[in-house]
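Report on the structure given below.
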Amino acid sequence: MNAIEFTNATYRYPGDDAPVLNSLSFSIRQGSFSVVLGRNGSGKSTAAKLINALILPNEGNVVVLGKDTVRAADGDLLFEIRKSAGMVFQNPDNQQIASIVEDDVVFGPENVGMPREEIAERIAFALEATGTEQFRHAQVSRLSGGQKQRVAIAGVLALRPEIVILDESTSMLDPKGRREVLDVIRKLQKEHGITVIDITHYMDEATDADEAFVLRNGELAFAGTPKELFARTDLLRACGLELPRAAELAKKLNENGVPVGDGILTTEELTEKLCELLQTD
Amino acid sequence: MLSDMTFGQYYPSESPVHRMDPRAKLLLLIVYIVAVFLAKNFYGLAVCLIFLLLAIAFSRVPVRSVLKSVKGIVILILFTFVLNVLFYTPKEGDVVLFWRVTVQGLVSASFFALRIIFLVMGSSVLTLTTTPVSLTDGLESLLAPLALIRFPVHDLALIMSIALRMIPTLAEETDRIIRAQKARGADFESGNLVSRAKALVPVLVPLLVSAFRRANELGDAMDARCYAGSSKRTKYKKLKFSYRDLLALLVTGALLAGVILCNVYAYLLPVLY
Ligand SMILES: Nc1ncnc2c1ncn2[C@@H]1O[C@H](COP(=O)(O)OP(=O)(O)OP(=O)(O)O)[C@@H](O)[C@H]1O
Ligand SMILES: [Mg+2]
């Protein structure tokens, strides 16, 4: 089943003539890990907001877990959609409304009128899943960037979403913070079956995704596996994307007489290939 | 520098004061402030001091943290002190030290300065022992009757909570902008008042722009987490008014009575003898 389905979705910001998203159609499988790539201003964040029903398409449909966002907005079901599709934003400092971690995590459940006993369970779950139990009573402003983003994820998880969207949530973090966040996200997808959509500029985050989507000027330029994507040099150049580090290295090795072959995306694959070559020599 | 402001900084502990109902603490602070203002002589202030020291002792907050709050307003205190010394109206029999400065003027100025110090220290005991959320919860609950006349109590409480959350972030940002402008050659330390105020414009403008951007993003984050006003919201933390809170309020009542007694005693003193 599809978690998300865009059908000819078009969106224009109020007052603009040209649409930011132009007749976009694609779907995302439930339980999958997808990355959305594309250069600045290609419409990635706008697409994310359409999924979360923060904005509604001017034309076409966005269907989230079987619910059409436009119809949901008419029928007071917006919160059903926002509950099931949680969103983590870019800036770790602009997402918490309370000063203390625990108080912030309960914000979502309180909003939907959840009874207290249930909220207590939700906090326990959210903090455990993001590994932030030890910060429960800590001040948000004293945490590191990676810790703040994990708290932000916890705040979203407290609503038990089936979909989590990360809108460049790792872009302001150092490598360690980024790894922390990505590990948490991977675990959510693998162990809890949550559909994850990772909007990113880091190609290394895209290598082990189930599916990659590329936006270009508000249109879908590519949908397929990362392997297929990174094999298409022309498309990458046209969409302002780079190769992942390992793929870049593999390319250089190939050009310089070390035949590691095509289709290498991750450091592990490259290492394995190099070991193979060394053994046959 | 700005980021080590202690205002609104919670000091985690499990002390009896921390566990008190925030409403009781707010009421207690109000009564304490009234008492400090009612005190007309040093006996009254001494009673307030005893109460303040008791509160600090029970809260298990380091005295250093409480004193830090006074550090932030040292200038204000000195200013009030000097003004009070200079504008003291001398009475007959006052001992003039030099120029306008009299012993009685110094005593009266110290009295006013102590008042401010006691006020700030008392308030900081509250913010040090109460998380911002429980503080705003308490305020919301105390002001709840105002909702009847359509006063947006809930929104006010949320605004306060967000403001308290953002103080450290914006303070940090201000520091960063000041440093960035200094690196570009901005001068904040020299010149007269006008030119110094002007030098602040390149700090305030980016700060304001950034605050709006943050507000925008925060609004999206709140919407995404299903925020829809107060209508169907529940509260995870229930406020519980226990017998301890009642006891604390009774003690505070005694404080008020003590201060009034001191006033009356000082008034009656000349009459009695
Ligand atoms: N609130 C808004 N009002 C008007 N136009 C907007 C608004 N937000 C974004 N846009 C415009 O819509 C286009 C797509 O923006 P969007 O934020 O979706 O891009 P993005 O792919 O997320 O870019 P980035 O990688 O920089 O985050 C841009 O041209 C941008 O200028
Ligand atoms: Mg974006």
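Calculated FRET efficiency, B:SER13 to A:LYS190, Cβ-Cβ distance, R0 = 51 Å: about 0.85 to the nearest 0.05. By the equivalent-ellipsoid construction on the alpha carbon gyration tensor, region B:149-273 comes out with semi-axes of 44, 33, 12 Å, ordered largest to smallest. Compare B:LEU139, B:LEU53, B:LEU148 in a GNM of chain B, Cα atoms joined below 10 Å, and give the one with the largest fluctuation. Residue with maximal mean-square fluctuation among B:LEU139, B:LEU53, B:LEU148: B:LEU148. A DSSP coil position with no more than 15 other Cβ atoms inside 10 Å describes the following GluC sites (Glu not before Pro) in region A:216-278: A:GLU242. From helices alone, chain A scores -11500 deg cm²/dmol at 222 nm; the rule is -39500 (n - 2.57) for each run of n ≥ 4 DSSP H residues, then divide by the residue total. Amide H contacts of A:PHE213: A:VAL35, A:VAL36, A:LEU37, each under 5 Å away and 5 or more positions distant or on a separate chain (H built 1.01 Å from N in the peptide plane; Pro and chain starts excluded).
Checking the table A:LYS83/B:LYS237; A:LYS148/A:LYS176; A:LYS227/A:LYS251; A:LYS252/A:LYS273; A:LYS49/A:LYS187 against a 19 Å threshold on Cα-Cα, which pairs fail?
Values: A:LYS83/B:LYS237 21 Å; A:LYS148/A:LYS176 13 Å; A:LYS227/A:LYS251 14 Å; A:LYS252/A:LYS273 14 Å; A:LYS49/A:LYS187 24 Å.
Result: A:LYS83/B:LYS237; A:LYS49/A:LYS187 exceed 19 Å.
Looking at chain B as a GNM with Cα springs under 10 Å, which of B:SER141, B:SER190, B:SER108 has the largest mean-square fluctuation? Comparing B:SER141, B:SER190, B:SER108 in a Gaussian network model of chain B, the most mobile one is B:SER190.
Grouping the Cα pair distances of chain A into 10 Å bins from zero gives a pair-distance distribution of 7, 27, 32, 22, 9, 3, 0 percent in increasing distance order.
Over the protein assembly as shown, the reciprocal of the mean inverse Cα-Cα separation, the Kirkwood hydrodynamic radius, stands at 27.7 Å.
List the DSSP H helices in chain B whose Cα atoms stretch 27 Å or more along the helix axis and whose mean Kyte-Doolittle hydropathy is at least 1.6.
Numbers: long enough: B:103-129 (39 Å, 1.68); B:153-183 (44 Å, 0.41); B:193-224 (45 Å, 0.71); B:243-272 (41 Å, 1.68).
Span-like helices here: B:103-129, B:243-272.
The Cα atoms of chain B give a gyration tensor whose axes a ≥ b ≥ c have a/c of 1.5 or more with a/b no greater than b/c, which makes the shape oblate. Cβ crowding within 10 Å, taken as a proxy for footprinting-reagent exposure, orders A:SER32, A:SER27 from fewest neighbours to most as A:SER27, A:SER32. For a Förster distance of 41 Å, can you work out the FRET efficiency between the beta-carbons of B:ARG213 and B:PHE58, rounded to the nearest 0.05? In this case the efficiency is close to 0.45.
Highest GNM mean-square fluctuation among B:ALA46, B:ALA199, B:ALA144, for chain B modelled with Cα contacts below 10 Å: B:ALA199.
If only the Cβ of Lys and Arg carry +1 and only the Cβ of Asp and Glu carry -1, the dipole of chain A around its Cα centre is close to 300 debye. Just need log10 I(q)/I(0) for region A:136-209 at q = 0.12, 0.16, 0.21 Å⁻¹, Debye formula, equal scatterers on the alpha-carbon atoms, no solvent, rounded to two decimals. Log10 of I(q)/I(0), two decimals: -0.31, -0.56, -0.96. Ordered by the count of other Cβ atoms within 10 Å of each Cβ, fewest first, B:CYS48, B:CYS262 give B:CYS262, B:CYS48. Can you tell me what share of the DSSP beta bridges in region A:155-281 is antiparallel? A percent to the nearest 5 is fine. That works out to approximately 50 percent antiparallel.
Annotation note: trypsin sites (Lys or Arg not before Pro) in region B:78-122 located in DSSP loop regions with a Cβ neighbour count of at most 13 within 10 Å are B:LYS91, B:ARG100.
Every read-out reported here was derived from the displayed coordinates using simple, explicitly stated rules and does not represent laboratory data. Just so we're clear, the structure is a prediction, and the values are computed from it rather than from any experiment. Here the Cβ is made from the backbone with ideal geometry for all residues, glycine too, and neighbour counts use every protein chain on show.
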